[in-house]
Amino acid sequence: MNSVTRTRKTLTFAAAVAALFASSFAAAQHTGASAPTADIHPDSLSRLPLLTRDDLDEQGKAAYDLIVGDRAAPRTGPVPASLYSPAIARAWHDINSFLRYNGDLSPRHTEVAILVAAREIDQQYEWSGHEPAALRFGAPQEVVDTIKFDREPVNLTPEETLIIRIGRQLMREHKLDSKLFARGVELFGEKGLVEMTTVMGDYVMVGMVLTAVNQQLPPDRPALLPPR
């Protein structure tokens, strides 16, 4: 590579970073999202550069094939970050696949539990991906707004009222009182209650990684979580 080509590539990279910072910083100021930092990579929009399949060892390639398969590889979010530790990537894939598609909770109630977790840790990337999913699976806008704007659950279904109250007590008070526990077993059963709290814990865990790597939203995804 000659010096002119190298200079052009450096300028192109710098321009991409500058454009990312400008757009993401404006969004962060408006929504309360984490502003981009100087260590953000334009390919992944996070602090971790994007890995390709060829970058991985045999264990990593096996995890990549399991999770990505023949589909286009995601460039942002949990999958690119998790591939830095293939064992974690597989574990996340397995638990998410079970909880979202094979657990006792309905897709609607699963998404409500995810939103509770995302709101409690103010995780913009998670929230902005799952608010549309919750609405798509039938959660009313009133439920979404109750979580989003930290309102008391009023005139919601008993199940969604309980999911909100359980999540808030667990994550704010670090306990679950006997009355809420008994009501959870009554409405969801022991297995359902364990799975509900696992959904929340799973998305808190994943959200912490997304926050640590300062994952930014893709330009085509609106930031839906307002500051408190």
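The values are calculated or read from the model by the stated rules, or taken from the named source; none is laboratory data. From a predicted model like this one, the values you see are computed outputs, not experimental measurements. Note that we place each Cβ from the backbone using ideal geometry, even for glycine, and neighbour counts take in every protein chain shown. Calculation scope for accessible area: heavy atoms of the full protein, side chains included, ligands and nucleic acids excluded. Shrake-Rupley method; radii C 1.70, N 1.55, O 1.52, S 1.80 Å.
Could you say whether any residue in the range 55-74 is in a helix (DSSP H, G or I), within 30 Å of Glu173 (Cβ to Cβ), of a type outside the set (A, V, I, L, M) and out of contact with any Cys (no Cβ under 8 Å at 6 or more places or on another chain)? Give the derivation first.
Here is the first cut: in the range 55-74, the residues in a helix (DSSP H, G or I) are 55, 58-67.
This time we only want the ones that are within 30 Å of Glu173 (Cβ to Cβ), so: none.
No; the residues of the range 55-74 include none that is in a helix (DSSP H, G or I), within 30 Å of Glu173 (Cβ to Cβ), of a type outside the set (A, V, I, L, M) and out of contact with any Cys (no Cβ under 8 Å at 6 or more places or on another chain).
For the range 162-196: of the residues being open to solvent by 30 Å² or more (accessible area, probe 1.4 Å) and among the β-branched types (Val, Ile, Thr), which is farthest from Asp122 (Cα to Cα)?
That would be Val185.
For residues that are polar (S, T, N, Q) and not in a helix (DSSP H, G or I), scanning just the range 85-105, find the one that is modelled with the highest pLDDT.
First, pick out the residues of the range 85-105 that are polar (S, T, N, Q): 85, 96-97, 102.
Of the ones still in play, those that are also not in a helix (DSSP H, G or I) are 85, 102.
Values: Ser85: 98, Asn102: 93.
So the residue we want is Ser85.
State all residues of the range 67-104 that are of a type in the set (Lys, Arg) and surrounded by 13 or more Cβ atoms within 10 Å (Cβ to Cβ); if no residue qualifies, say none. I'd like the intermediate steps shown before the answer.
First, the residues of the range 67-104 that are of a type in the set (Lys, Arg): 71, 75, 90, 100.
Once the filter is applied, which keeps residues that are of a type in the set (Lys, Arg) and surrounded by 13 or more Cβ atoms within 10 Å (Cβ to Cβ), the range 67-104 yields Arg75, Arg90, Arg100.
Identify all residues within the range 106-130 that are in a loop (DSSP other than H, G, I, E, B) and either among the small types (Gly, Ala, Ser) or at pLDDT below 95 (or both); write none if there are none. Break it down stepwise before answering.
Kept after step one, since they are in a loop (DSSP other than H, G, I, E, B), are these residues of the range 106-130: 106, 121-123.
Listed by number, the list holds a single entry, Ser106.
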